[in-house]
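Report on one structure; see the data block that follows.
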Amino acid sequence: MSKILVVGGAGYIGSHMVKRLGQADCEITVLDNLSGGHRDAVLTGDFVLGDIADTQLLQGLFKRKSFDAVMHFASFIQVGESIQEPGKYYRNNVSNTLNLLEVMRDSGVDKFIFSSTAATFGEPRYSPIDEEHPQIPINPYGRTKLMVEQALQDYDLAYGLKSVCLRYFNAAGADPDGQLGERHDPETHLIPLVLMAASGRRPHISVFGRDYDTPDGTCIRDYIHITDLCEAHWLSLQSLLSGNPSQSYNLGNGNGFSVQEVIDAARRVTGKIIKVVDAPRRHGDPATLVADARLAKEKLGWAPKYADLETIIEHAWKFESR
Ligand code: UDP
């Protein structure tokens, strides 16, 4: 039975991952400071309230328990906020992550799964984006994630710490059983916001820009179901535990949908009226971000189960209308 520490296991992606690990009978410990996560989203495992900035707490935890691997989901994720408050991002996403890696090193834990992002690529030079695409992030958020990716390469060379960096495109949807979903506060992501407009929790959805170089003028993104994302983490974990080398993977479905197409799909799925208001472009949004995830399919045997946009929205709607 694998012993896994899930840092940030009370958040959107972390909580779905904890459920997946529980189904595989892993021995799970969740460490979360609940700054963005929810205690009731941790469906199984031991819960430890705490922050990865707290070296003493980490040292105590790693002394008390043994871990085969660490999965790290605890980071700040808002591009706009990262531009306004870069210190918050560099401190948490970089410095605190290094803190965690140092305690892992002291304790001899040498397997790490890292939540990275398409934002490490910056403005796309070609599409779909594969792992060879240059990484030139255009905002502090993307830079913090790239810095950790680079640190992980160095930690592997120097200390033999093996890692998998998973670069998410747009994580979306919810647990198909309806137990878990997306609960950010403030919510900034398109699909939950569209569904809040459908359920009446918000008056409308703002479309950030209709003058992009795309067929309908709105931004195109690659939405990947949270369950499929977690499956890629599970396979990455198995790969590391079987002794495979460090690797980075881009995770998406390889299909782009525009903001307008997402709204239209949400109207079909919910049958509700969704009021749309046109708004200016959001700073730092590339027109199109689509993943080439062939490497994950080839090397990990990953096969997304819920690639269909309407299914992704349907599961998110089940959670929104709970
Ligand atoms: N978006 C939008 N209105 C919103 C929120 C997002 O038009 O209220 C757009 C955003 O500009 C981007 C896409 O929806 O083109 C996806 O944004 P999200 O914040 O969900 O994810 P990101 O692509 O930033 O990771």
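The values are calculated or read from the model by the stated rules, or taken from the named source; none is laboratory data. These numbers come from a predicted model, not from an experiment. Cβ coordinates were reconstructed from backbone atoms using ideal geometry, including for glycine residues, and neighbour counts include every protein chain displayed. Surface accessibility is based on the protein's heavy atoms, side chains included, excluding ligands, DNA and RNA. Shrake-Rupley method; radii C 1.70, N 1.55, O 1.52, S 1.80 Å.
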For this session: Return the residue satisfying two criteria in turn: it lies in region 167-179 and is more than 10 Å from the ligand (Cβ to nearest atom) and surrounded by 24 or more Cβ atoms within 10 Å (Cβ to Cβ), and of such residues it is nearest to Asp40 (Cα to Cα).
Result: Ala174
Seminar exercise, completed: Picking from Asp68, Asp110, the residue that is away from the ligand (no atom under 16 Å from the Cβ), closer than 15 Å to Cys165 by Cα and open to solvent by 10 Å² or more (accessible area, probe 1.4 Å) would be Asp110
Problem set entry | Unique residue being open to solvent by 70 Å² or more (accessible area, probe 1.4 Å), modelled with pLDDT of 95 or more and over 26 Å from the mean Cα position of the chain (by Cα) when the list is Arg281, Arg268 | Arg268
Exercise. So which helices (runs of 4 or more DSSP H) stay within region 49-138 end to end and still have 1 or more residues that are of a type in the set (A, V, I, L, M)?
Worked result: 55-64, 79-84, 97-107
Exercise. Which of the strands (runs of 3 or more DSSP E) contained wholly in region 197-314 include at least 1 residues that are away from the ligand (no atom under 16 Å from the Cβ)?
Worked result: 247-251
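Among Thr288, Thr227, which is the only one that is touching a His at 6+ places or on another chain (Cβ under 8 Å) and not charged (D, E, K, R)? Give the derivation first.
Numbers: Thr288 fails: touching a His at 6+ places or on another chain (Cβ under 8 Å).
Answer to the selection: Thr227.
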Exercise. With respect to Ala10, is the statement that it is surrounded by fewer than 19 Cβ atoms within 10 Å (Cβ to Cβ) and either assigned to a loop (DSSP other than H, G, I, E, B) or of a type in the set (A, V, I, L, M, F, W, C) (or both) true?
Worked result: no
Exercise. Failed condition for Glu102, given (1) surrounded by fewer than 16 Cβ atoms within 10 Å (Cβ to Cβ); (2) closer than 25 Å to Ala232 by Cα, with all others met?
Worked result: (2)
